1. For segment 38-62, name all the residues that are surrounded by fewer than 14 Cβ atoms within 10 Å (Cβ to Cβ) and farther than 14 Å from SER116 by Cβ.
2. I want to confirm something. Restricting to segment 66-97 and keeping residues that are part of a helix (DSSP H, G or I) and charged (D, E, K, R), which single residue is farthest from GLY11 (Cα to Cα)?
3. Are any of the residues in segment 70-93 at pLDDT below 95, surrounded by fewer than 16 Cβ atoms within 10 Å (Cβ to Cβ) and over 16 Å from ASN22 (Cα atoms)?
Amino acid sequence: MAEINGPHDGGSEPDYRFTLANERTFLAWLRTALGLLAGGVAVHQLVPDPSTLSTVLAGMCVVLAAVLAASAYPRWRQVQAAMRAGRPLPKSGMLILLSAGILAITLTAAALVVFS
């Protein structure tokens, strides 16, 4: 049996509700990335008397946004291909990465508030 490489290669068409749910999840990852990017730009532009800590905070937001944006489409593609092939959905390390990244951003923001 040939390996399924793309979201539209082989297999059967999944229920449209699952396809649309997968698309909504993809768009949610992108919205989260845009929110993080906006937060990073806001910190960089709006924090009075920029410090190393504010620069680190802005950089963390931008880096996490880039990672999410870069991984959103491959994740959508993997899930779509699995649904078409009738395989279990693939596990994602992005949930742990996003949680850890948000925690690190929150702790850095708290340090910025406390030490400014």
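The values are calculated or read from the model by the stated rules, or taken from the named source; none is laboratory data. Values in this document were obtained by computation on a predicted structure and should not be read as measured data. FYI the Cβ positions are ideal-geometry reconstructions off the backbone, even for glycines, and counts take in every protein chain you see.
1. Matches in segment 38-62: ALA38, ALA42, GLN45.
2. Taking segment 66-97 first, the residues part of a helix (DSSP H, G or I) are 66-85, 94-97.
Okay, now just the ones that are also charged (D, E, K, R), so 75, 77, 84.
Working: ARG75: 18, ARG77: 14, ARG84: 5 Å.
The selected residue is ARG75.
3. yes
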